Amino acid sequence: MKKRLRDIAEAINARVIGDDQIEIGGVASIANAKPGDLVFVEEEKHLQPALQSGAAGVIAGAFAENAKTPKLLLISENPRLAFALAAAMLKTSEAPAAGIHTSAVVLPSAVIDKSAIVDAWALVGENAQVGARSWIGAGCVIGSGVVIGEDCRIYPRVTIYPETSIGDRVIVHAGAVLGSDGFGYVTDRASDKHEKFPQIGRLEIEDEVEIGANTTIDRGALETTRIGRGTKIDNLVHIGHNCQIGENVIIAAQAGFSGSITIENNVVIGGQVGMGEHAHVGEGVMLGGQAGVLPKKILRGKGVAFWGTPAKPLREYLKQLAALGKLGK
Amino acid sequence: MKKRLRDIAEAINARVIGDDQIEIGGVASIANAKPGDLVFVEEEKHLQPALQSGAAGVIAGAFAENAKTPKLLLISENPRLAFALAAAMLKTSEAPAAGIHTSAVVLPSAVIDKSAIVDAWALVGENAQVGARSWIGAGCVIGSGVVIGEDCRIYPRVTIYPETSIGDRVIVHAGAVLGSDGFGYVTDRASDKHEKFPQIGRLEIEDEVEIGANTTIDRGALETTRIGRGTKIDNLVHIGHNCQIGENVIIAAQAGFSGSITIENNVVIGGQVGMGEHAHVGEGVMLGGQAGVLPKKILRGKGVAFWGTPAKPLREYLKQLAALGKLGK
Amino acid sequence: MKKRLRDIAEAINARVIGDDQIEIGGVASIANAKPGDLVFVEEEKHLQPALQSGAAGVIAGAFAENAKTPKLLLISENPRLAFALAAAMLKTSEAPAAGIHTSAVVLPSAVIDKSAIVDAWALVGENAQVGARSWIGAGCVIGSGVVIGEDCRIYPRVTIYPETSIGDRVIVHAGAVLGSDGFGYVTDRASDKHEKFPQIGRLEIEDEVEIGANTTIDRGALETTRIGRGTKIDNLVHIGHNCQIGENVIIAAQAGFSGSITIENNVVIGGQVGMGEHAHVGEGVMLGGQAGVLPKKILRGKGVAFWGTPAKPLREYLKQLAALGKLGK
């Protein structure tokens, strides 16, 4: 979707040097930029290639103010953030036109907003709701009683179990499974048989969450699993029943959470991190890739990085690594 | 499905204190319980909140026998197990009414029991069989020659490759892939090309197995991959070709098994555990989260916990951790 | 598909002892072999069981030349490779007859070769192309602008995001997601909000790649993610945006790559290996199961095995393990 440079600059809080009436069509890397594109530069040493690229304009820091160039400049305090915001403004929708595809099955009690899209072979169950401008991709299965807010993008082949609720502006990538049964059994010691503990709670996903491809999030056993506003979850992540994930948490690919874990706001969790039941990670903690957190363990410290299994503060972890390295010689 | 308290008590082997003619509608947590619900308490210190909850009745240990309360009491040796069994009795089916959805494709040579359900856009291949009361969810692809027993729940969007056999009362969650090709190649040293080793064996899943969302289990290369009766498998688990998994095994999320591994009965495997080819885990062994078992390794010891990579008995692992901790100081 | 033994022997570069006019129907394990099957033996000690099996013929090394047996013998320098090649020749197709299933949706601008198969409820988007003899399984979603080459097998329920390109003879197993958005955000420090960095690059998959069930591969952020010719990827693997994977690489199950990683040709990556951003693995390196490679780390050494987290050469890793073992006593 084309936008006038002036409107973009205003929205991303950048100062234009050059003609701000020009129309901009998209964003690109420096190598791929075509006329009409914006590119960005964070460091002065990369400015020259950007000025020589095919782009119409360059988002850059104050270091670019006096550059001699016919290119349009957008001076920003945070060029990377400004570029991301510009990209979001310029993004064209992949979704088809509003409406329900003739091959979709929408049960009569479901409520679909007129501006929503329900694509081919999507199933929307009893009493489910789909909000304004939300897109349900091809082959999705939306269980009974599921509530999906406004401006959501549910990519193809997502399964959402009954009673799950999803906020506004949520993105769910292909193949994700939301609200499936948690993994809970009671073993009958007489027979060694594992009897299924009831998995009848719900899953609530708040606004602006993004969920990666083939990720799985279980509903609560008796209570509710909750994913806080603005949290971003990568591909192939597993989140078990009853987990309480805070706001603006980052969870990288293949991380796994067993049941009843609490993650406070603004935590960053690396790829393949594993966490035992009832672990608790305090606000702003960072967990390095492959770290392991034992059941019931509590980690605290804003901005403190933890590494290894069992996870320990990075400084301690590095000392141990160094000591181990010497030993091995 | 409502049941009389007397019938529930009999089935779960509990003794009723109070009016056993009351009808019970479901189970719940203490916080969420409504009239008609059962809750449970394992320890005396949690009894008071249960008695003050909205529930009709409380499943508890002998410690509750003399409690002064208008609530119905169900005294059980194992309240948690009794609660799980009661929940199973009271569970209402999520499946639609019996029959084949008009949009499903069932090949003429397939045999579907009259009481089975084949949901929208499910494909049932040549000579496949679906047993009594089994539910094939929307968008499932059931390959040719697949046999599915009675009372199975196959959630939406499960893919089952040809010739797989599945027992009775098996639950498979959304997105799981059963019977896919194993990962086997023969490298031609002249060209560095990896030629596909034939993956033409089968997958057999015995009765009462539960399989989590987006889990993948490969068929045998030339032989059969087998999952024993009563084994429970969490989400995003990978089980490679030719694995022989025993009965009542517990496998937590994201655990991964390469080829030809043997797991004996009643083993418990933590999340993200990884195992190399031809490893062998003896009866009743427990593997802690993220443990790694080397190829061909044999672990034995009923009730013995192994941790770390390479996996070692917990006692040894803890000693090493302690020693490492001192070193790092 | 039955073949004359002479034609097989020629193709797999083996010398026949016996009647080479016999027709062969398939391959099998020694335990399962039926008349008409071929089996193989790599070591002389396993020759007798093979000769006593139900097979028509045995592929074996020179050690079998003088065996006294009525069985047909195929003498090969590499019996395992010869067996794999024979199996490929004899494989019968699982795909239905050529053509587009009546329930599939193919947009008018898409170009489907006449010999291709588009199965039930597959969606082929605008301007997409499907090459000769390629099979799009039931329930696949092929995005707009996707190009799929010749002789590909796309198993059921695969999702391919727009603009992805796939070469010839590529196999993609059920549930895989190709070309999904990468995991990239820019955090606005004023609000702690994570703004989506644009994920508008592409994914290119070269010829003869095989991709396992429920694996996810992200498209580039601004550039292209690339999977080189002949690379084989197991189940539940995650490959992040901008990764450059070389040719004939082996990636075992549940391995995970964050963004912008370079893997050179002929690398072997064990199960559950994790790699940080911008890591670089040189030609022919081998990474043991669960190894962890730190961001920006460079590993080099043809045929050198690396283990542990952070990954180190196997020799060093073993020394450390031994030292740690002593400490723990």
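Values quoted throughout were computed directly from the atomic coordinates according to the rules given, and no laboratory measurement underlies them. The structure presented is a predicted model; accordingly, all values stated were derived computationally and were not measured. Every residue, glycine among them, receives a Cβ derived from its backbone with ideal geometry; neighbour counts consider all protein chains shown.
Which entries of B:296/B:319; C:45/C:232; A:297/B:45; B:232/C:45; A:232/B:34 have Cα-Cα distances beyond 27 Å here? Working shown, then result.
Working: B:296/B:319 25 Å; C:45/C:232 31 Å; A:297/B:45 23 Å; B:232/C:45 39 Å; A:232/B:34 35 Å.
C:45/C:232; B:232/C:45; A:232/B:34, as the Cα separations exceed 27 Å there.
Based on Cβ point charges of +1 for Lys and Arg and -1 for Asp and Glu, what charge dipole magnitude is obtained for the stretch A:3-90 about its Cα centre, in debye rounded to the nearest 20? Could you put the intermediate results ahead of the total?
Numbers: 9 positive and 11 negative charges, 34 e Å.
Roughly 160 debye for the stretch A:3-90.
Quick one: 3J(HN,Hα) in Hz for the stretch A:62-76, Karplus 6.51/-1.76/1.60 with θ = phi - 60°, rounded, Gly and Pro as x.
4, 4, 9, 3, 9, 4, 8, 7, x, 6, 6, 10, 10, 8, 9
Leaving out same-chain residues fewer than 8 places away, which aspartates and glutamates sit with a Cα under 19 Å from that of residue A:3?
Reachable aspartates and glutamates: A:19, A:20, A:23, A:37, A:94.
Mind listing the phi-derived Karplus ³J(HN,Hα) values for the stretch A:80-94, rounded to whole Hz, using 6.51, -1.76 and 1.60 with θ = phi - 60°, and x for any glycine or proline?
Taking θ as phi minus 60°, the curve returns 5, 5, 4, 5, 4, 5, 5, 4, 4, 5, 8, 5, 9, 6, 8 Hz for the stretch A:80-94.
Neighbour counts of other C-beta atoms within 10 Å: give me B:273, C:285, B:293, B:111 arranged from fewest to most. Let's see the in-between values first.
Numbers: B:273 29, C:285 23, B:293 26, B:111 13.
Final ranking by Cβ density, sparse to dense: B:111, C:285, B:293, B:273.
Does the stretch B:264-311 come out rounded, prolate or oblate, given a ≥ b ≥ c as the square roots of the eigenvalues of its C-alpha gyration tensor, rounded meaning a/c under 1.5 and, failing that, prolate meaning a/b above b/c? Write down the numbers at each step before the final one.
On the way: a/c = 1.68, a/b = 1.14, b/c = 1.47.
Cα axes put the stretch B:264-311 in the oblate bin.
Tell me, what are the semi-axes, in whole angstrom and largest first, of the equivalent ellipsoid of chain C as set by the roots of 5 times the Cα gyration tensor eigenvalues? Numbers along the way, then the final one.
Working: eigenvalues 320, 206, 39 Å².
Whole-Å semi-axes of the equivalent ellipsoid: 40, 32, 14.
Using 1/(1 + (r/R0)^6) with R0 = 25 angstrom and r between the beta carbons of residue B:283 and residue B:77, what's the FRET efficiency to the nearest 0.05? Can you show the working numbers first?
Working: r = 25 Å, r/R0 = 1.02.
With R0 = 25 Å, the Cβ-Cβ based efficiency is 0.50.
With a sphere of radius 14 Å drawn around the Cβ of residue B:276, what net charge do the other residues whose Cβ falls strictly inside it have (Lys, Arg +1; Asp, Glu -1)? Intermediate values should be presented prior to the final figure.
Working: positive: B:296, B:297; negative: B:277, C:234.
Taking every Cβ under 14 Å from that of residue B:276, the sum is 0.
Which trypsin sites (Lys or Arg not before Pro) in the stretch A:98-197 sit in a loop by DSSP (not H, G, I, E or B) and have at most 14 other Cβ atoms within 10 Å of their own Cβ? Can you show the working numbers first?
Working: sites: A:114, A:133, A:153, A:157, A:169, A:189, A:193, A:196; in loops: A:114, A:133, A:157, A:169, A:189.
Here the sparse-neighbourhood loop sites are A:114, A:189.
What is the set of long-range amide H partners of residue A:187 at a cut-off below 5 Å, with H atoms built 1.01 Å from backbone N?
For residue A:187, the qualifying residues are A:195.
Mind sorting C:275, A:286, C:1 by how few other Cβ atoms lie within 10 Å of their own Cβ, fewest first?
Details: C:275 31, A:286 21, C:1 10.
Ranking C:275, A:286, C:1 by Cβ neighbours within 10 Å, fewest first, gives C:1, A:286, C:275.
Could you tell me the largest-minus-smallest coordinate of the C-alpha atoms of the stretch C:225-316 on each of the three principal axes, in descending order and whole angstroms?
33, 22, 21 Å, listed from the longest principal axis down.
Which of B:54, B:259, B:143 moves the most in a Gaussian network model of chain B with Cα springs under 10 Å?
Top of the fluctuation ranking is B:54.
Spelling out what I want: for every residue of the stretch A:22-30, take phi, set θ = phi - 60°, compute 6.51 cos²θ - 1.76 cosθ + 1.60 (Karplus), and round to whole Hz; glycine and proline get x.
Values, residue by residue: 4, 9, 10, x, x, 10, 7, 6, 4 Hz.
Taking Cα pairs under 8 Å and at least six residues apart, what relative contact order does the stretch B:3-90 come out at, in percent?
On the way: 185 pairs, mean separation 27.6, N = 88.
It comes to 31 percent, rounded to a whole number.
For every other residue with a beta carbon closer than 13 angstrom to the beta carbon of residue A:37, add +1 if it is Lys or Arg and -1 if Asp or Glu, then tell me the sum. Intermediate results must be reported in sequence, preceding the final value.
Working: positive: A:2, A:3, A:34, A:71; negative: A:23.
The answer is +3.
Along the Cα→Cβ direction, 7 angstrom out, place labels at residue B:48 and residue B:93. What is the inter-label distance in nm?
Label-label distance for residue B:48 and residue B:93, simple model: 4.5 nm.
I need to check one value: relative contact order of the stretch B:63-149, counting alpha carbon pairs closer than 8 Å and at least 6 residues apart, in percent.
On the way: 151 pairs, mean separation 17.7, N = 87.
Relative contact order, the stretch B:63-149: 20 percent.
Shielding by partners for A:219-226, please: the mean number of other protein chain Cβ atoms within 10 Å of each residue's Cβ.
Values: counts 0, 2, 2, 11, 4, 2, 0, 0.
What the average comes to for A:219-226 is 3.
Need one value for A:158-164: mean number of C-beta atoms belonging to other chains within 10 Å of its residues' C-beta atoms. Don't skip to the answer; put the middle values down first.
Numbers: counts 5, 12, 2, 6, 1, 0, 0.
Mean number of neighbouring Cβ atoms from other chains: 4.
Which FRET efficiency value, to the nearest 0.05, do you get for residue A:318 and residue C:102 by plugging their Cβ-Cβ distance into 1/(1 + (r/R0)^6) with R0 = 45 Å?
0.10
Per residue, what volume in Å³ does the Cα convex hull of the stretch B:3-90 take up? Before the final figure, lay out the partial values.
Numbers: hull volume 6.5 nm³, N = 88.
In the stretch B:3-90, the Cα hull volume divided by residue count equals 74 Å³.
How long, wide and thick is the protein assembly as shown, going by the Cα atoms along their three principal axes, in whole angstroms, largest first?
Principal-axis extents of the Cα atoms in the protein assembly as shown, largest first: 87, 86, 68 Å.
GNM on chain A, C-alpha springs below 10 Å: top fluctuator among A:225, A:69, A:215?
With Cα springs under 10 Å in chain A, the top fluctuation among A:225, A:69, A:215 is at A:69.
How high is the FRET efficiency between residue A:190 and residue A:13 when r is their beta carbon distance and R₀ equals 60 Å, given to the nearest 0.05? It would help to have the intermediate numbers written out before the result.
Working: r = 68 Å, r/R0 = 1.13.
It comes to 0.35.
Can you tally the net charge around residue A:12? Count Lys and Arg as +1, Asp and Glu as -1, for every other residue whose Cβ sits under 12 Å from the Cβ of residue A:12. Numbers along the way, then the final one.
Details: positive: A:3, A:6, A:15, A:80; negative: A:7, A:10, A:77, C:188, C:195.
Net charge around residue A:12: -1.
Percent relative contact order of chain A, based on C-alpha pairs within less than 8 angstrom and at least six residues apart? It would help to have the intermediate numbers written out before the result.
On the way: 992 pairs, mean separation 22.2, N = 329.
Relative contact order, chain A: 7 percent.
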